[in-house]
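Data first, discussion second: the structure below is written as structure tokens.
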Amino acid sequence: MLSRLKKFILFFGDLIFLAISLFLMIAIRYPQASWLTNFQNHLPHFLVVFAIWLIVLYINGLYNLNLKTNSQKFFSATISTVILSGLISIIYFYLSVQSTITPRTNLFIFIAIFTLLFFIWRNLYQALVSPLIPKSNLAIIGFNKYTETLIEELKNNPGAGYQTALIFKEPSEMAKLVESVKENNIRAIVVTDDFKQNEKLRETLFSCLASNVVFFNYPDFYELLTGKIPVEAIDASWFLNNIRGGEKNYYNFIKRVLDFIGAILLLIISAVFWPIIALGIKLGSRGPVFFTQERYGQNEKVFKMIKFRTMREDGNNRSMTIEGDKRITKFGSFLRKTRLDEIPQILNIIKGEMSFIGPRPERPEIVSDLEHQIPFYKTRLLIKPGITGWDQVSGKYHSPSLEDTLEKLQYDLFYLKHRSFYLDLIITLKTIATMLSREGR
């Protein structure tokens, strides 16, 4: 996909400018000394610094192709990256670098140079490089509501690398499909109808094979575009074809081991903060430090989830939380934004009731209600619930509304289908970014 090419160019460009920043720092810092000797002394340690910066750039969303360099979000993400990467780099230098390098001065010069070059490079990319990589022309074939949904999602995701060139909404238009594909240099065709039920449509699509066109059905392309599964466009056969639990036994075993070890370590590391958080909760409002509530776990097994209390005691057992909920205390708001209220759930992980990553657990009565309103809602219970998940790092706040709950399920089904160590790593990095930016609930 062209979007992967664009991301690679961004990544490679960042790496080049990190190296240039090191070169310029050495030239400024040691103008009279041997450049080659100093470069050899600095490079091994700065390779670690490069890795730190590239990882933080990623978790702060600076490889999101929809992010414009003239936006406030880009500026904020860049400043956050500079601060966080700088602090981690300084800690690394003071812990591991020998006296042949003076970390404080060298790092500040390096950071200043790279920050300037980064802004210049990213603006040049957006103005000059990105337009040189043309978008792939896309044809949409559909005689239903999904066509409009797809057009809207393409507008919302300009960085995906596709532009709508043709739309066939009427069956009578299909006669000119092959000719139109060639004339408009169509590189991909999305069929929003079930072509298995339409023999004439299948024959017409088959005739386009010689044009080297990539074919997508609607659910697959929607998933590729948004990172969600369109619940309204799938049926039971989708689950039979895509959810292969038996193939995940090795993954499930290793994940459980990592969950247990990670939870024990996190419990030890975080133990010093528990009394401080408890004091903050007590000073904020009267009531217990912890909040427990029955939730559904894997395969509808009920367990008691534990969290630090973030609401007034009389507000915890009423309706679901909404954005700007006045029941949340000031200290509770801080805990929610930083996700620190979730820390006690490591006890649930140790007991095997939860995982670090998975769909968020819901109350049994809510599940019972939603399963009658949203198709396949209970399929999210096929795996263990988690402290964080694909939905939580989507960058959107989801209210308890039916529409938002449906979207949450779409993210959960994407994770259910694609769960892997790689996806878990991505979610972990994005969760760290959310905690540091305090963009939580």
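Structure notes:
- Consider the range 122-136 and keep the residues that are outside any loop (DSSP other than H, G, I, E, B) and of a type outside the set (A, V, I, L, M). The one that is nearest to residue 79 (Cα to Cα) is 122.
- Residue-level check: of (1) in contact with a helix residue (DSSP H, G or I) (Cβ under 7 Å, 6 or more places away or on another chain); (2) surrounded by 15 or more Cβ atoms within 10 Å (Cβ to Cβ), residue 133 misses just (2).
- Residue identified as modelled with pLDDT of 95 or more and not assigned by the TED database to the domain that holds residue 150 among 235, 259: 259
- Residue count for the range 271-286 under the criterion of being surrounded by 14 or more Cβ atoms within 10 Å (Cβ to Cβ) and assigned to a helix (DSSP H, G or I): the result is 7.
- Leading residue by the ranking (modelled with the highest pLDDT) among those in the range 98-118 that are crowded, with 18+ Cβ neighbours inside 10 Å and of a type in the set (Val, Ile, Thr): 113
- Residue 387 being among the hydrophobic types (A, V, I, L, M, F, W, C), buried (at least 21 other Cβ atoms within 10 Å of the Cβ) and assigned by the TED database to the domain that holds residue 339: yes
- Taking the criterion of being part of a loop (DSSP other than H, G, I, E, B) and of a type in the set (Ser, Thr, Tyr), the only residue of the range 197-221 that qualifies is 207.
- Being part of a loop (DSSP other than H, G, I, E, B), modelled with pLDDT of 90 or more and among the aliphatic types (A, V, I, L, M) is a property that does not hold for residue 268.
- Verdict on residue 394 being surrounded by fewer than 15 Cβ atoms within 10 Å (Cβ to Cβ) and out of contact with any strand residue (DSSP E or B) (no Cβ under 6 Å at 6 or more places or on another chain): no
- A count restricted to the range 286-313 and to residues that are among the charged types (D, E, K, R) and touching a residue at least 60 places away in the same chain (Cβ under 8 Å) stands at 3.
- Among (1) within 30 Å of residue 175 (Cβ to Cβ); (2) of a type outside the set (Val, Ile, Thr); (3) surrounded by 13 or more Cβ atoms within 10 Å (Cβ to Cβ), the one test that residue 307 misses: (1)
- Selection count, the range 19-47, where residues are touching a residue at least 24 places away in the same chain (Cβ under 8 Å), among the hydrophobic types (A, V, I, L, M, F, W, C) and closer than 12 Å to residue 109 by Cα: 4
- For the range 257-312, a residue qualifies if it is of a type in the set (Gly, Ala, Ser) and within 13 Å of residue 348 (Cα to Cα), and the qualifying residues are 262, 263, 297.
- Residue match in the range 385-398 (condition: farther than 30 Å from residue 82 by Cα, small (Gly, Ala, Ser) and modelled with pLDDT under 90): no
- Applying the criterion of being surrounded by fewer than 16 Cβ atoms within 10 Å (Cβ to Cβ) and aromatic (Phe, Trp, Tyr) to the residues of the range 1-32, the residue that is farthest from the chain's Cα centre (by Cα) is 23.
- Residue 177 hydrophobic (A, V, I, L, M, F, W, C), within 15 Å of residue 220 (Cβ to Cβ) and more than 25 Å from the chain's Cα centre (by Cα): no
- Qualifying residue in the range 287-296 (condition: of a type in the set (Asp, Glu), surrounded by 12 or more Cβ atoms within 10 Å (Cβ to Cβ) and either at pLDDT 90 or above or not assigned by the TED database to the domain that holds residue 386 (or both)): yes
The values are calculated or read from the model by the stated rules, or taken from the named source; none is laboratory data. If you're wondering where the values come from, they're calculated on a predicted model, not measured in any experiment. Here Cβ is always computed from backbone atoms with ideal geometry, including for glycine, and neighbour counts include all displayed protein chains.
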